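Peer 1: There's a structure below that I have some questions on.
The values are calculated or read from the model by the stated rules, or taken from the named source; none is laboratory data. What you see is a predicted model; the values in this text were computed from it and never measured. Here the Cβ positions follow ideal geometry from the backbone for every residue, glycine too, while neighbour counts run over all protein chains shown. Note: accessible area is taken over every heavy atom of the protein model, side chains too, but ligands, DNA and RNA are not part of it. Shrake-Rupley method; radii C 1.70, N 1.55, O 1.52, S 1.80 Å.
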Amino acid sequence: MPDDPAYAPRIAVLFALPEEAAPFRHQSFRSDWILSIACSGPGARRAREHAGLLLDDPGPAIRCLLIAGFGGGLAPGLSPGSLLLAESVVGERDGECAAPDQELLRAGKQAADGFDLHSGRLLSADRVLGTRADKARAAESSGALAVDMESLSAARAAAERGVPWLAIRGLTDTAEEDLPLDFNALASPDGAIHRGRIVAAALTHPWKIPGLIQLGKRSQLAAQNLARYLDALLKALPQALLLFALLAPSRARAAEPPLTLNAAVRQALASAPAARAARATRDATLAGLERERPIARPTLEARLAGTAQTRSTLYQPRGFPDTVLPDAAGRFDLILEQTLLHAGAGAARDRFEAEGLLAEASFRLALAEIARS
């Protein structure tokens, strides 16, 4: 859907794991915008694919992408539950560096009151850094304060689409300690770490269980702090989003051909309050008609390419209520079932189409009257 002022701003939030997103989903938000939340699964490939799916979803234009989730500390002095606001994200393998939108970064720093928030470089690795030695080498080579596996790939997907982004990580472990298990050895070839393998490793190494319990508690603390901070950040975002909305059209106009008379009339109509009201009336009429459409409504289903892994993933395609899809070990494809006419619905269908055409014609007549005035 084109960027229409009749719709609220839309913000996308991408997590890797349901455990990271759970506290944020369960708290109440301000309703000044449309909020789309998704979980990609662990790893760079999943993050890029799901960020693309989320940002390409037809609907109100997404103003920004917030990349959130767990991270590991690389710098001394960072404690479990601390937050890192990424001033830049660097890749471990190729050294590629990406910087977030500066207006969003300023908004992120303005929301820091009351939080143990640090800002600096974030390293995106292609594996879990589980030992003190691994973390020390990564910190020395990259200059990063913390590490994750998904932020750079999701940021690339946003940059390809011209969507501003910001990355925030809640820390679950410090630079001075080893993780209780070698999670890389427990990962499947596609990067997923299954609970069954963790349980089996804990049963065969019972002295590791206290460390796993502690890591679980730290993860809960990090997710709760992350949820509270994201709520504060959302309250600080509107000004930054407004600036982006004002600047983006000017950047686009620089590459456009000279403005024609027809284009000038269209732009004037797009910003006129009366035209916005007519557009909102048309959209409301069409939405009401859609509820009475004389065909079976399409239903959304997930076709899994892998084995179901953990809990559910919330994804919000336009035109459907919030839909719960299983979080999967592999990539999933979204398909729409074929629509079927109800028996004897021919006359109802003709009436539905006629009323839709009438609503569109009324809208165009209203625009013509506004243009003449």
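Peer 1: Note down the accessible area of Val199, probe 1.4 Å, to the nearest 10 Å².
Peer 2: 80
Peer 1: Considering only protein heavy atoms, what is the solvent-accessible area of Phe183 at a probe of 1.4 Å, reported in Å² to the nearest 10?
Peer 2: 20
Peer 1: If the cut-off is a Cα-Cα distance under 18 Å, which lysines reach Lys208, setting aside same-chain residues fewer than 8 apart in sequence?
Peer 2: Cross-link targets: Lys217.
Peer 1: Show His26, His50 ordered by accessible area, largest first, where the area counts protein heavy atoms only and the probe is 1.4 Å.
Peer 2: His26, His50
Peer 1: From the gyration tensor of the Cα coordinates in the stretch 81-187, what semi-axes in whole Å does the equivalent ellipsoid have, largest first, with each one equal to sqrt(5λ)?
Peer 2: Sorted largest first and rounded, they come to 24, 17, 12 Å.
Peer 1: Tabulate in residue order the Karplus-calculated ³J(HN,Hα) for the stretch 350-358, using 6.51 cos²θ - 1.76 cosθ + 1.60 with θ = phi - 60°, rounded to whole Hz; enter x for Gly and Pro.
Peer 2: 4, 5, 4, 5, 5, 5, x, 5, 5
Peer 1: Sticking with this structure for a sec: Just to make sure I understand: if all protein chains stay in place, what is the order of Leu203, Leu122 by accessible area at 1.4 Å, largest first?
Peer 2: Per-residue accessible area, sorted high to low, gives Leu203, Leu122.
Peer 1: Would you please give the FRET efficiency between Ser141 and Ala99, computed as 1/(1 + (r/R0)^6) with r the Cβ-Cβ distance and R0 = 25 Å, to the nearest 0.05?
Peer 2: 0.85
Peer 1: I would also like to ask the following. Which of the peptides 351-360, 214-223, 94-103, 60-69 is most tightly packed, and how do the rest follow, going by the mean number of other Cβ atoms within 10 Å of each residue?
Peer 2: 60-69, 214-223, 94-103, 351-360
Peer 1: What accessible area per residue comes out for the stretch 116-167, rounded to a whole number of Å², with a 1.4 Å probe?
Peer 2: 38
Peer 1: Extension gain Glu360-Ile198, at 0.36 nm per residue separation less the Cα-Cα distance, in nm?
Peer 2: This chain segment gains 52.6 nm when fully extended.
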